[in-house]
Every structure is written in structure tokens, then in C-alpha cells.
Amino acid sequence: MRAMTVHPGRGGSASMGDVPEPASADGTLLVRGRLVGVCGTDREIAEGGYGTAPDGEDLLVLGHEGLGEVVEAPAGSGFEPGDLVVGIVRRPDPVPCPACGAGDWDMCRNGRYTERGIVGRHGYGSELWRLEPEYAIGVPAGLHRLGVLLEPTSVLAKAWEQVDRISARAFFVPGRALVTGAGPIGLMACLLGVQRGYEVHVVDLAADGPKRALVEALGARYHSGDAAGIDIEADVVIECTGVGSVVHAAGQKLTSGGIMCLTGIMSSPPTLDVDATQMNRAMVLRNAVLFGSVNAGRRHWYQAADSLAAADPTWLGGLITRTVPLGDWTQALRREQDDIKVVVDLQG
Ligand SMILES: [Zn+2]
Ligand SMILES: [Zn+2]
């Protein structure tokens, strides 16, 4: 069958591969792939900077943002042929560590977890794939192809859940949130903030175009330019760029008692020195919380499904700006002007 393949560690190796049908060890659900979203992680793997193939293999099937239609499901699995599903990305480490043992694999302590399409397991970027029923999430009725947005949404559902939990420590006003970056992650951060009742501000370098329109369609405020130039105080900052200077500038916008979540990673070399003494002073005297968040646990996938089901489907559809057929999938790795979320049509 056709698949999106790379040789991890070897830049420029991304190609249309011909691979065996999915192994039964991958799970009892047989799924016909519909769409798979492409993101910065996939680009990093394609450039040779990240990712590992399954043990004993040198090829990795890419794709961790997979949406597909169930073809075969065993009785009692909770799924039936025709159901639309997405697959959870991470699997707990085999030891398991205390966090994985408790079902919180997204908080894995020893880093020995595996991830579909990223670390040690084939992904969802193929015409057919298999999935364990307990790692399948049913797509809410009415979402259809928009279910491909579930994975990136789950990452933000976790980030916002952590903000909610931290904010419960003491008096807190869930008033204003600042989101840095208006890519798919930033726009999802904005949607989930608006759904929580926050006045959300989004800053991005893009002047006009679809990003501004999407932010404003949610009733949020769009600021074009540098984060340092925005004149607001925020109770919550969701940082989605991973750029040191943006992280630094956004941190300065945090109000006393504020909470800042870091979700972005940038692979470019560091260019900014942080004065840890000054940062310590600012955080202690202002009860500030700065935390990082990655991946998502099972409950975050359900939270994400609820958020997407509550959102305007037309707005969600506006996030998917380009669809590339599987036959030309490497085109999805190229960044084009006004791209937000690029998806691969696995039957195309
Ligand atoms: Zn991704
Ligand atoms: Zn673990």
C-alpha cells in the first residue's frame, strides 16, 4: 500500500513509499486512512532532525494527526465499520514509569514512550492503518473531515486544562489571555480561550490575511507585529511560537498571579540570554507560574472532541487551507504563503 515514508535521521528522504499492509500487532481496528494533518514535527522528521523508526526497521511511516474510517472492528470494541476515528499518538513506555502506570502517559517520567509516526511506531500516513480500540477516539457526528484537527486540539486542551487547574490554587480572574502565534496551535489556543470566556488577544507577525480574519471571527483581538509592542496585561499567556524573544516579551505582559504556558519549540539556535536572577525576582514577587506542556492524555482527546463539536464548523474548515493528494504528499512539507493547516488526502 502507499504511504508517507521517511528514513529518520536522513534529511531529504521523505517520499511516497510502498509498504506492507499494517501489522496486526498495531491493533484490532482496521482503518482506511482519510486525511492526515502535517505540522512542524513532521517537517523536522523529514529534515532528519527528529524521529525514530520501529525497532529493526529503517523506514518510518509518517503522520500523527490521522483521521480514518473503520473497515473492520471486532465485536465489543465499541466501534463499527463506517465510524470515523482518530488515533491517539503516544503509547506508554513498557516499563512503565509511575506516570504511564497511572494512565498519564503524556506526563511520562522516563521518556521511553513511543509515538505513532514520530518515535518507534509507524504513523497514520498510509492508505490503511490499524489501531487498538482503546487508543481510538470516535469523531463527533457532524465534524466529518474536521476530525483531522483533533490531535492539535488535544494538545491545547491539555494546556488549558493545566491553566484551569493552576488557577484554582487561589483567587484568580479568568479575564484576559494572550496567545503568541496564529498558526494552527495558536488559533486553537484562541478558540479554547474564547470558549472559556476569556477576552483573547492573539499576536502574530502576519499583517493581514486568513489569520487575522479567523481570530476576529471568534470575537478575539488580533495584533500584527512584535509581542513586545502590545499594550496589555494578561492573566494567562499561551505561548505557541517557541521563539525566545517572543517568550521573553510575552512573559513581560503577565499580570501579578498570572499563568504562562509554553507549548512551542523552535529548533533554531538560542539567541537570547535570560537573566535568571531578574526572572526569579519577577516570578517570586508576582506569584507567577511558568510551565511547559506537550502531548495529551486520553481525557484531553475527549475534551478536544467536545471543543470541536461546540465550534463553528465553517470556522474550523477555514483552518484547513490546503489539501494535498497522497501521491504528491511531500508538497505538504513545503510552506506556502497563507498556509495554516495543510492536510494529506490519503485516498488521493
Ligand atoms: Zn502535529
Ligand atoms: Zn512513562
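The values are calculated or read from the model by the stated rules, or taken from the named source; none is laboratory data. Since this is a predicted model, take the numbers as computed values, not measurements. Cβ: placed from backbone, ideal geometry, glycine included. Neighbour counts: every protein chain shown. The area values use the complete protein model at the heavy-atom level, side chains included, leaving out ligands, DNA and RNA. Shrake-Rupley method; radii C 1.70, N 1.55, O 1.52, S 1.80 Å.
Worth a mention:
- Dipole axis of the chain (+1 Lys, Arg; -1 Asp, Glu on Cβ), positive-most option in V179, V155, Y113: V179
- Couplings for the stretch 32-40, taken from phi via the Karplus curve 6.51 cos²θ - 1.76 cosθ + 1.60 with θ = phi - 60°, read 8, x, 9, 9, 9, x, 10, 9, x Hz in order; Gly and Pro are left as x.
- Cα-based shape type of the stretch 18-75, given that a ≥ b ≥ c are square roots of the gyration tensor eigenvalues and the cut on a/c is 1.5: oblate
- Surface share of carbon and sulfur [accessible, 1.4 angstrom probe, percent] for the chain: 51 percent
- Legend: Rg and Dmax of the chain, from Cα coordinates, 20.0, 60 Å.
- Taking amide H atoms as placed 1.01 Å from N in the peptide plane, the amide H of A288 lies under 5 Å from those of G257, each 5 or more residues away in sequence or on another chain.
- Kirkwood hydrodynamic radius of the stretch 193-249, Cα pairs, Å: 12.0 Å
- Residues with amide H under 5 Å from that of L62, placed H, sequence gap 5 or more: M4, T5, V6, G123, G125
- Listed by number, the DSSP H helices of the chain that run 15 Å or longer by alpha-carbon position along their axis and have mean Kyte hydropathy of at least 1.6 are 184-195.
- Eigenvalues of the alpha-carbon gyration tensor of the stretch 59-201, scaled by 5 and square-rooted, set the equivalent ellipsoid semi-axes at 29, 20, 15 angstrom, largest first.
- Averaging the Cα positions of each part gives two centres, and for the stretch 1-74 and the stretch 319-348 these lie 16 Å apart.
- Of the residues K253, K341, the one with the largest accessible area comes first in the ranking K253, K341, computed with a 1.4 Å probe on protein heavy atoms.
- Overall Cα dimensions of the stretch 73-119, principal axis frame, Å, largest first: 38, 23, 14
- Residues of type lysines that K253 reaches as a straight line, Cα spacing below 25 Å, ignoring anything fewer than 8 places off in the same chain: K158, K211
- Exposure ranking of M279, M107, M1 by accessible area [1.4 Å probe, largest first]: M107, M279, M1
- Karplus-derived 3J(HN,Hα), 6.51/-1.76/1.60, for each residue of the stretch 220-229, Hz, glycine and proline x: 9, 9, 9, 10, 9, x, 7, 4, 4, x
- Residue of I45, I166, I118 that the Gaussian network model of the chain assigns the largest fluctuation, springs spanning Cα pairs under 10 Å: I166
- Cα-based reach from K341 at 13 Å (exclusive), listing aspartates and glutamates while leaving out same-chain residues under 8 positions away: D42, E65, E151
- Student exercise, the stretch 202-298 dipole from Lys, Arg, Asp, Glu Cβ charges, in Debye to nearest 20: 280 debye
- The stretch 206-348 - Debye-derived log10 I(q)/I(0), Cα point model, q = 0.11, 0.18 Å⁻¹: -0.59, -1.35
- Estimated dipole of the chain in Debye, rounded to 20 [Cβ of Lys and Arg +1, of Asp and Glu -1, Cα centre]: 640 debye
- Sequence of S307, S256, S15 when ordered by accessible area, the most exposed leading, probe 1.4 angstrom: S256, S15, S307
- Rolling a 1.4 angstrom probe over the protein heavy atoms with all chains in place gives the stretch 265-337 an accessible area of 64 Å² per residue.
- Helix-only [θ]222 nm of the chain, DSSP H runs n ≥ 4, -39500 (n - 2.57) each, per residue, nearest 500: -7000 deg cm²/dmol
- Stokes-Einstein diffusion coefficient of the stretch 107-184, Kirkwood radius over Cα pairs, 4 °C, 1.567 mPa s, in µm²/s: 80 µm²/s
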